[in-house]
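The values are calculated or read from the model by the stated rules, or taken from the named source; none is laboratory data. All values reported here derive from a predicted model rather than from experimental measurement. Note: ideal-geometry Cβ built from the backbone for every residue, glycine included; neighbour counts use all protein chains shown.
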Amino acid sequence: MGMVGGGRGAFIGAVHRMAAALDGQIELVCGAFSSNPKKSKLSGKDLFLPANRVYKNFEEMILEEKKLPLGECMDFVAIVTPNHMHFPPAKMALENGFHVVCDKPLCFDLKEAKALVKLVKKTGLLFALTHNYTGYPMVKHARELVSANKLGKIRKVLVNYPQGWLSTFLEKTDQKQAAWRTDPKRSGIAGAMGDIGTHAENLAEYITRLKITHLCADLHSFVPGRKLDDDGSVLLKFDNGARGVLMASQISAGEENNLNIKVYGEKGGLEWSQMQPNTMWLKWLDKPTEKVRIGVGKQSAHVMNHTRIPAGHPEGYLEAFANIYRNFAHCVQARLANKKPNKSFTDFPTVEDGLRGMEFIYKVVASSKSKSKWTKW
């Protein structure tokens with residue numbers, strides 16, 4: 001793979017590189033790691049890449065890599081830049097025949113997101129979006145339980161993502177992550193709801209296989225001087241008649257990354273938390289609550305395909321992230337060999353999931369500003 005962004009001082013770039021490397025199926029061969037050419041070169045040196053495969057910008061990288069023979073050039077591009085720089089390299093990569101992995105949210109705005117969906121369909125190339133929480137094996141097990149109607153018809157979905165790291169005016173310091181994530185020129189029209197609310201929306205739709213059809217939102221910025229929302233609550237209506245509540249907050253003091261979800265059906269419910277990812281609770285109307293552990297008891301081959309180590313050995317954020325990269329690599333390899341991929345490894349978020357996320361952001365912001373109770377999606 002080639003990488004755009006993720007140079008010295010970046011957070012998510014290193015996460016992508018570790019996740020991509022975990023299964024030994026992907027090699028980082030080139031990169032344009034910064035908008036600063038000197039910083040890009042230094043970052044490439046840090047990663048022991050040959051100087052001629054470290055580029056001053058993504059345009060140069062894509063054009064130069066296209067000249068190289070198959071087997072030597074990069075097979076896909078990983079985009080790990082701030083939101084406003086997702087679209088240009090993704091568009092150029094697709095137009096030049098390269099598959100794409102992109103960090104979320106998909107784009108800076110909805111217009112760009114729709115354009116990317118059209119371009120992916122036109123080119124037929126592979127596109128993965130790193131909603132990494134869907135990579136957890138227990139999340140896939142939860143999805144299967146719902147799909148098999150074990151809980152009965154779904155009635156209620158509660159999904160929350162509280163963090164506390166932006167409880168102060170952190171962006172006034174030299175904290176790089178706070179600076180761009182709270183800047184509407186780089187982040188887009190939403191703050192917390194775009195950054196982590198989209199993860200909550202994606203998780204709810206992934207597990208339940210339901211679509212949100214209407215929402216009623218309240219967004220707020222608590223920290224004086226902050227330009228984008230740092231807290232939000234959203235009432236949800238789903239396409240089967242279920243109701244839900246979504247909360248995303250980055251001013252919940254003391255919280256870390258406590259993404260959690262509860263799904264209730266006619267016969268029972270499930271509860272899962274990202275901070276205890278190997279455990280799920282199943283609750284029933286007519287029998288005691290069950291504690292389910294990944295790798296213990298009978299789970300499907302698909303779930304076990306996304307579990308790497310024996311039960312009791314913690315698997316977490318990087319492994320879930322790596323499942324997306326491993327699955328994407330499998331599909332790219334199948335394309336190169338002109339074979340059909342194993343269906344189990346086609347399970348990763350796509351450009352269409354990215355469009356759903358961008359639509360969610362826009363609908364939530366519109367709803368929060370509206371005097372009407374509900375906004376149709």
Any residue at all in region 59-78 that's aliphatic (A, V, I, L, M), outside the structural domain of ARG186 (by TED's automatic domain parsing), in a strand (DSSP E or B) and surrounded by 15 or more Cβ atoms within 10 Å (Cβ to Cβ)?
yes
Go through region 304-336 residue by residue and tally those that are within 18 Å of the chain's Cα centre (by Cα) and part of a helix (DSSP H, G or I).
13
Restricting region 186-209 to residues that are in a helix (DSSP H, G or I) and among the charged types (D, E, K, R), the residue that is farthest from the chain's Cα centre (by Cα):
ARG186
Region 113-133 - residue that is out of contact with any Gly (no Cβ under 8 Å at 6 or more places or on another chain) and over 23 Å from TYR206 (Cβ atoms) and, of those, surrounded by the fewest Cβ atoms within 10 Å (Cβ to Cβ)
GLY124
Is it fair to say LEU158 is aliphatic (A, V, I, L, M) and either in contact with a strand residue (DSSP E or B) (Cβ under 8 Å, 6 or more places away or on another chain) or closer than 30 Å to ASN338 by Cβ (or both)?
yes
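So how many residues does region 141-177 have that are surrounded by 16 or more Cβ atoms within 10 Å (Cβ to Cβ), modelled with pLDDT of 95 or more and not in a loop (DSSP other than H, G, I, E, B)? Quick ask: steps written out before the conclusion?
Step one: list which residues in region 141-177 are surrounded by 16 or more Cβ atoms within 10 Å (Cβ to Cβ), which gives 141-143, 145-146, 151, 154-155, 157-167, 170-171, 177.
Right, trim to modelled with pLDDT of 95 or more and you get 141-143, 145-146, 151, 154-155, 157-167, 170-171.
With the extra rule that they be not in a loop (DSSP other than H, G, I, E, B), the set shrinks to 141-143, 145-146, 154-155, 157-162, 170-171.
Within region 141-177, residues that are surrounded by 16 or more Cβ atoms within 10 Å (Cβ to Cβ), modelled with pLDDT of 95 or more and not in a loop (DSSP other than H, G, I, E, B) number 15.
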For PRO50, only one of the following conditions fails: (1) modelled with pLDDT under 95; (2) surrounded by fewer than 17 Cβ atoms within 10 Å (Cβ to Cβ); (3) not polar (S, T, N, Q). What is its number?
(1)
Restricting to region 1-47, and then to whatever is out of contact with any Lys or Arg (no Cβ under 8 Å at 6 or more places or on another chain) and charged (D, E, K, R), can you tell me which residue is surrounded by the most Cβ atoms within 10 Å (Cβ to Cβ)?
ARG17
Within region 222-245, is there a residue that is aliphatic (A, V, I, L, M), free of Cβ contacts under 8 Å to residues at least 12 places away in the same chain and not in a loop (DSSP other than H, G, I, E, B)?
no
